[in-house]
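Structure, as structure tokens:
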Protein chains: 2
Amino acid sequence: MARAALFDVDGTLTDTNHLHVTTWWEAFRQAGQQVAMHDIHRAVGLGSTDLIARLLGEDRDRDQDDRISAAHKTLYGTYFERLPALNGARDLLHALDDRGWRIVLATSAGGEELGALRRAIDADDVIAGVASADDVSSGKPAPDPVHHALEIAECPPEEALFVGDTVWDMQAASRAGVRGVALLCGGIPRGDLEEAGASAVFADPADMLEHLDGEVLTGKQ
Amino acid sequence: MARAALFDVDGTLTDTNHLHVTTWWEAFRQAGQQVAMHDIHRAVGLGSTDLIARLLGEDRDRDQDDRISAAHKTLYGTYFERLPALNGARDLLHALDDRGWRIVLATSAGGEELGALRRAIDADDVIAGVASADDVSSGKPAPDPVHHALEIAECPPEEALFVGDTVWDMQAASRAGVRGVALLCGGIPRGDLEEAGASAVFADPADMLEHLDGEVLTGKQ
């Protein structure tokens, strides 16, 4: 049975969190809502409805939700041809594949957005599958996306890693019984990630690649 | 002699750091340079030349510097009509003015950009002056901008506060012998700000306003 490395995408393999922040900010602004960008940054990684609920509250005018989501999608879509991969993303996935890890993406992105992200990562040949938020009823920080990724990878939780950059990733991993590995390149502070359950923290995919055979990553501590 | 509250602007009074990040990223990209947005975020607050030097290194092709700066300026300029103030910025400056603090801005912004920022803050009636990076030979983290702001405020360092959101702000304050107060709304982690010399840390201007008469802020600890 293969080990599995499950990967979040935004902020983990692609350098897209800040693009989400500014486009969500503009989408909120056009709907008459002033939301601080720091707060949006902390909410990135949630599905659209959960992100809006977190930032505007449960008492908001929910009739605006679809308009705000559509505006964000439109503005973010202007970047699809130039979404940047993070340093070392492709090499990290190839190195894990070489070592027998099965690689599955677990992301709230879907459709054309996911296609654009996969083109940016440029490692489709070693990606065994994608657990999209569309496939489960609850997104991160619920464990459902991680459970679904484990099914695709045909891997028990104790043989898997979940690599992400947000507290939602680390919480979802913990709840699914999967070891969480956090990357700092998404801009979330180390302390927040450790508090959310990260068992190891690296700067970015290139840094994780450098430590791929270390004890922290193999869990042999 | 008045006490003085010296303020950084970007990320401290205006919610502009993420806009700088994405526009610097695009400016670098168009010059053929791939720079991670997390790294740009950590460099915001430096003057343009220092920011480029930090991100591309001393061995870079310096002939590109002007082109990259101009591209950033052009892209960032598209936001001038809608630069957002941070929550409580105007009220904080008014409350400090009411309590007899002389308010001076110390920023690397100048010209039209500074005008747009001042319109966003909407508190010109209580701003005694601006120490622009153009007025000194070395920008933050050098103490020069803080020294210049103290001169404008006619205030000795021990009677002043410097409020900012970056490690550069806290380092410049420390080197000038001024107590540094850090805000988290610019997206820099608390630990980094404390390590750089912050004597108090608040979430944003509104949070600092709530604690305006507390012991931490008055220095009577």
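By Cβ position, the chain B residue that hugs the axis carrying B onto A most closely, with its distance in whole Å, is B:Pro189, 2.
Counted over the protein assembly as shown, the DSSP beta bridges are approximately 5% antiparallel. Inter-chain Cβ neighbour count for A:180-193, averaged per residue, equals 3 (cutoff 10 Å, partner chain atoms only). An ellipsoid equivalent to the stretch A:134-221, defined through the eigenvalues of its Cα gyration tensor, has semi-axes of 20, 16, 11 Å when rounded to whole angstrom and sorted largest first. Could you tell me the distance between the Cα centroids of the stretch B:169-221 and the stretch A:103-171, to the nearest Å? Their Cα centres are 39 Å away from one another. Summing charges over all other residues whose Cβ lies under 11 Å from the Cβ of B:Asp91, with Lys and Arg as +1 and Asp and Glu as -1, gives -3. Which of the aspartates and glutamates could be linked to B:Lys140 by a straight reach, that is with a Cα gap under 15 Å, when you skip same-chain ones fewer than 8 residues away? The reachable aspartates and glutamates, counting only those whose Cα sits under 15 Å from B:Lys140, are B:Asp8, B:Asp10, B:Asp50, B:Asp165, B:Asp169. Label point of A:Gly110 (7 Å along Cα→beta-carbon): distances to the other copies' equivalent points are 5.2 nm, sorted ascending.
Write down the Å³ per residue value for the convex hull defined by the alpha carbon atoms of the stretch B:17-78. Working shown, then result.
Values: hull volume 4.3 nm³, N = 62.
It is 70 Å³ per residue.
R0 = 51 Å: FRET efficiency of A:Arg29 with B:Glu195, Cβ-based, nearest 0.05? Computed FRET efficiency for A:Arg29 and B:Glu195: 0.90.
Looking only at chain B, where both bridge partners belong to it, what percent of the DSSP beta bridges are antiparallel (to the nearest 5)? Please list the in-between numbers first.
Values: 1 of 25 bridges.
In chain B, DSSP labels about 5 percent of beta bridges as antiparallel.
As a rough footprinting exposure proxy, the listed residues A:His41, A:His211 were ranked by other beta carbons within 10 Å of their own, and the order from fewest upward is A:His211, A:His41. Rounded, prolate or oblate for the stretch B:25-143? Axes are the square roots of the Cα gyration tensor eigenvalues, ordered a ≥ b ≥ c, and the cut-off for rounded is a/c under 1.5. Prolate. Across the copies of the chain, B:Glu154 has label points (7 Å from Cα along Cα→Cβ) spaced 8.1 nm apart, shortest distance listed first. The mean number of Cβ atoms from other chains found within 10 Å of a Cβ in peptide A:30-39 is 5, as a whole number.
Across the options B:Met37, B:His148, B:Thr74, the greatest Cα extent toward the positive end of the charge dipole of chain B (unit charges at beta carbon of Lys, Arg, Asp, Glu) belongs to B:Met37. Projected onto planes of every orientation and averaged, the convex hull of the alpha-carbon atoms in the protein assembly as shown covers 21.8 nm².
Based on the Kirkwood radius over alpha-carbon pairs, what is the Stokes-Einstein translational diffusion coefficient of the stretch A:84-169 at 4 °C with 1.567 mPa s viscosity, in µm²/s?
Values: Rh = 13.4 Å.
Answer, rounded: 97 µm²/s.
With all pairs of different C-alpha atoms in the average, the Kirkwood value for the hydrodynamic radius of the stretch B:56-97 is 13.5 Å. If you wrap the stretch A:67-221 in the convex hull of its Cα atoms and look at it from every side, the mean projected area works out to 9.1 nm².
Lys and Arg at +1, Asp and Glu at -1: add these up for the other residues within a Cβ distance under 15 Å of B:Gly100 and post the number.
Details: positive: B:Arg3, B:Arg99, B:Arg102; negative: B:Asp97, B:Asp98, B:Glu154, B:Glu159, B:Asp213.
My count for the surroundings of B:Gly100 gives -2.
Counting only DSSP H runs of at least 4 residues, each contributing -39500 (n - 2.57), and dividing by the residue count of chain B, the helix-based mean residue ellipticity at 222 nm comes to -12500 deg cm²/dmol.
From other protein chains only, count the Cβ atoms within 10 Å of every residue's Cβ in B:62-69, then give the mean.
Values: counts 0, 0, 0, 0, 0, 0, 0, 0.
Mean inter-chain Cβ contacts per residue within 10 Å come to 0.
Helix B:144-153 axis versus longest C-alpha principal axis of chain B: approximately 40°, rounded to the nearest ten.
Every number here is computed from the coordinates shown, using simple stated rules; none is lab data. Just so we're clear, the structure is a prediction, and the values are computed from it rather than from any experiment. Note that we place each Cβ from the backbone using ideal geometry, even for glycine, and neighbour counts take in every protein chain shown.
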